[in-house]
Amino acid sequence: MTKKIALAAALCALAVPFAALAAGPTGFGPQERPGAPQGFTLQKMNSIAQLKKEAHDDQLVTLQGRFTKQLSKDKFEFTDAKGDTIVVELDDDQNWSQVHKDALMEIVAEVDKDLMSMELEAIDAKRIQ
């Protein structure tokens, strides 16, 4: 009987640390994207003009607008409320079925800035109701 109690206590002691790990990090504020690291803020850009003026290479940004034209297999024209456009790459190794032409979207993307051009590489996109 005492062996069973000791075994049960040992199993409970092992299970508690795993339950704490499964909960994920806490205390970093609200999580914007499920499964994303917490406590980091993305630079919210109000327009493509602001993005082109202030963003730097490899910066993560959020931007609202609409996918208005397909330029190639994985490159699309993204247009903001002011009518400015930028090329956004939707990498084909990810499911982008939530993206619809002319639907208002918020994207999270990495800036790809060269000497003469700038594009975005989309990481996530969600439709805005």
_Quick check: the distance between the Cα centres of region 83-114 and region 115-129, to the nearest angstrom?_
4
*Value of relative contact order over region 60-129, rounded to a whole percent, pairs C-alpha under 8 Å and six or more apart*: 33
*Take the Cα atoms of region 46-93, find their three principal axes, and give me the spread along each one in whole Å, biggest first.*
28, 24, 13
*Virtual spin-label span in nm between Lys44 and Gln59, 7 Å along Cα→Cβ*: 1.6
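Read-outs: derived from the displayed coordinates by stated rules, not from any lab. Treat the numbers as computed from the prediction; the structure is a model and nothing was measured. Ideal geometry is used to build each Cβ from the backbone, glycine not excepted, and the neighbour counts take in all protein chains shown.
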